[in-house]
Amino acid sequence: MATDETTTPDPRQVPLAPLPDHRDVHTPWWQELWRRHAHVITPLRARGLQCDIEFGLSTYNVRVSLPDDSYLVISPPHDPPSERPPGEPGGWIATREHPDDQTLFEVIYDSAPSNDPGAPQRPEARHGGSAQPLIEAIDHRLAQLGLLPHPVLPHENSHMPPAQPSPLPPRVLPPASPKAAPPARRTP
């Protein structure tokens, strides 16, 4: 998991935004991806933002639905492909997009290392794959736009996930075959 683990959890319970509503939520591979991205997903869900995991161009991305029908895509760098496991990239790129307005495309955060020696170094690049500065940048921009359903209070640590863990949905097992169940005992 990422090196952003927090020290002392906040004793207050924070309600989390609901899990996505699709059939993959109950699959082991999706649950594993959810777990690997929990350090990014949980703080956002604590702010009332619904998150999901999806496959992008060449990586798994966190997709965050926003109240104005726009969304965030939080992903590792796409080029070059990374050998790092999902959820632990060498950098993060967070963009805001809108499905009906292609002109709304905004880079909120980019800590991806630059491969171009002539390119100016972005300030976020020093943070690499750390989730804390990513969440802080998202908090800042969404607060500016008025898109945080549950804003972070000044006394709260913005990168600390709530005391309750980011729950995985329960596994749904297929019903047992009637032949497999032992016959019910009758008592006289």
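Before moving on, here are some points about what is shown:
- Filtering S58, S82 for residues that are open to solvent by less than 80 Å² (accessible area, probe 1.4 Å), more than 18 Å from A131 (Cα to Cα), modelled with pLDDT under 95 and not in a strand (DSSP E or B) leaves a single hit, S58.
- The residues listed here are V25, V14, V64; of these, the one that is modelled with pLDDT of 90 or more and either under 30 Å from N115 (Cα atoms) or in a loop (DSSP other than H, G, I, E, B) (or both) is V64.
- Close contacts from the stretch 103-124, counting a first residue that is touching a residue at least 12 places away in the same chain (Cβ under 8 Å) and part of a loop (DSSP other than H, G, I, E, B) and a second that is open to solvent by 40 Å² or more (accessible area, probe 1.4 Å) and of a type in the set (K, R), with Cβ to Cβ under 8 Å and a gap of 6+ residues or different chains, come to S111/R122; S111/R126.
Okay, residues lined up against (1) modelled with pLDDT of 95 or more; (2) under 20 Å from R63 (Cα atoms); (3) within 17 Å of the chain's Cα centre (by Cα); (4) surrounded by 15 or more Cβ atoms within 10 Å (Cβ to Cβ):
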residue	(1), (2), (3), (4)
P123	no, no, no, no
R126	no, no, no, no
G129	no, yes, yes, yes
Q132	no, yes, yes, yes
I138	yes, yes, yes, yes
G146	no, yes, no, no
H150	no, yes, yes, no
S158	no, yes, yes, yes
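The values are calculated or read from the model by the stated rules, or taken from the named source; none is laboratory data. Computed from a predicted structure; not experimentally measured. No Cβ is skipped: glycine too gets one built from the backbone with ideal geometry, and neighbour counts run over all protein chains shown. Side chains included, ligands, DNA and RNA excluded: accessible areas come from the protein's heavy atoms. Shrake-Rupley method; radii C 1.70, N 1.55, O 1.52, S 1.80 Å.
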